[in-house]
1. Under 30 Å from S196 (Cα atoms) and not in a helix (DSSP H, G or I): which single residue out of N112, N103, N108 fits that description?
2. Of these, V94, V79, V87, which one is farther than 27 Å from A180 by Cβ, of a type outside the set (D, E, K, R) and not in a loop (DSSP other than H, G, I, E, B)?
3. Given (1) acidic (D, E); (2) within 30 Å of M39 (Cβ to Cβ); (3) surrounded by 15 or more Cβ atoms within 10 Å (Cβ to Cβ); (4) at pLDDT 95 or above, identify the lone condition not met by E197.
4. Got at least one residue in the stretch 187-205 being among the charged types (D, E, K, R), over 24 Å from N29 (Cβ atoms) and under 25 Å from the mean Cα position of the chain (by Cα)?
5. Going through the stretch 142-175 one residue at a time, which ones are under 25 Å from I132 (Cα atoms), assigned to a helix (DSSP H, G or I) and of a type outside the set (A, V, I, L, M)?
6. Which is surrounded by 14 or more Cβ atoms within 10 Å (Cβ to Cβ), closer than 23 Å to Y121 by Cα and not polar (S, T, N, Q), of K187, K177?
7. For the stretch 163-196, enumerate the residues that are within 16 Å of H117 (Cα to Cα) and touching a helix residue (DSSP H, G or I) at 6+ places or on another chain (Cβ under 7 Å).
8. Of all the residues that make up the stretch 4-36, how many are modelled with pLDDT under 50, surrounded by 14 or more Cβ atoms within 10 Å (Cβ to Cβ) and either among the aliphatic types (A, V, I, L, M) or within 30 Å of the chain's Cα centre (by Cα) (or both)?
Amino acid sequence: MIKKIIFLLLLPFSSFAGDECITYKQIPNIKIKNPRYNMEVVQPNEPMNIFHGTVLATLIEDYDISVDIVATNGGYCVVLKNIDALVGYTDFLVKIDKSHKSNSCSYNAILNHEKQHINAYLSVTDDLNSDIKSSIFNAANSIMPMFTQNYNDIDFLIENINYEIRNHPEVVLIKQKINAAQEIRNKRIDQNEDNSELKSCFFIS
């Protein structure tokens with residue numbers, strides 16, 4: 001997580017109480033991006049089902065948080081300003097049994113099937129993009145400015161903002177929705193798969 005800090009300096013003798021940090025509350029600006037993903041195909045030494053490969057997907061959520069720091073005669077107010085969020089899949093690890101020679105007919109048939117699963121994962125975050133943004137916005141907007149007397153505590157408060165966003169009920173719920181949706185879509189792919197492409201490699205009718 002990258003922290004961007006903008007200083008707003010007040011007059012050194014202005015009267016200010018820590019509880020009044022609330023007056024500096026902002027409506028945070030939220031931007032959501034999907035990360036670029038990588039696909040790696042491996043053939044492990046352990047035997048696998050020769051008709052099915054597997055896909056291991058890595059889902060990330062990363063928050064680049066920008067804050068205003070308001071210096072007062074009593075300390076500092078840390079005010080959430082912007083969040084650039086990166087939410088989505090970064091890596092897909094496809095596993096195929098070693099009995100299928102690389103780039104062979106059967107190898108490519110299994111790989112094509114696993115690519116359907118990868119597309120299913122990607123479609124989930126695409127379809128839920130507005131809900132993801134809404135949940136992160138509501139989480140961020142619920143965070144009130146934080147006061148500290150010690151400048152060295154500011155990084156800790158920014159980390160606390162990150163923690164609160166990740167554990168906000170709406171953000172937790174959208175992650176559960178993502179997991180549920182990807183499971184449903186992946187099961188649907190397997191249920192509708194007749195292995196016709198793979199069977200054609202072995203001349204099985």
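The values are calculated or read from the model by the stated rules, or taken from the named source; none is laboratory data. Values in this document were obtained by computation on a predicted structure and should not be read as measured data. Cβ: placed from backbone, ideal geometry, glycine included. Neighbour counts: every protein chain shown.
1. Within the list N112, N103, N108, the selection yields N103.
2. Testing whether each residue is farther than 27 Å from A180 by Cβ, of a type outside the set (D, E, K, R) and not in a loop (DSSP other than H, G, I, E, B) leaves just V79.
3. Only one criterion is unmet by E197, namely (4).
4. yes
5. Passing the criteria: E159, N160, N162, Y163, E164, R166, P169, E170, K175.
6. Checking each option against the conditions leaves just K177.
7. I178, A181, Q182, R185, N186, I189, E193
8. Final tally of qualifying residues: 1.
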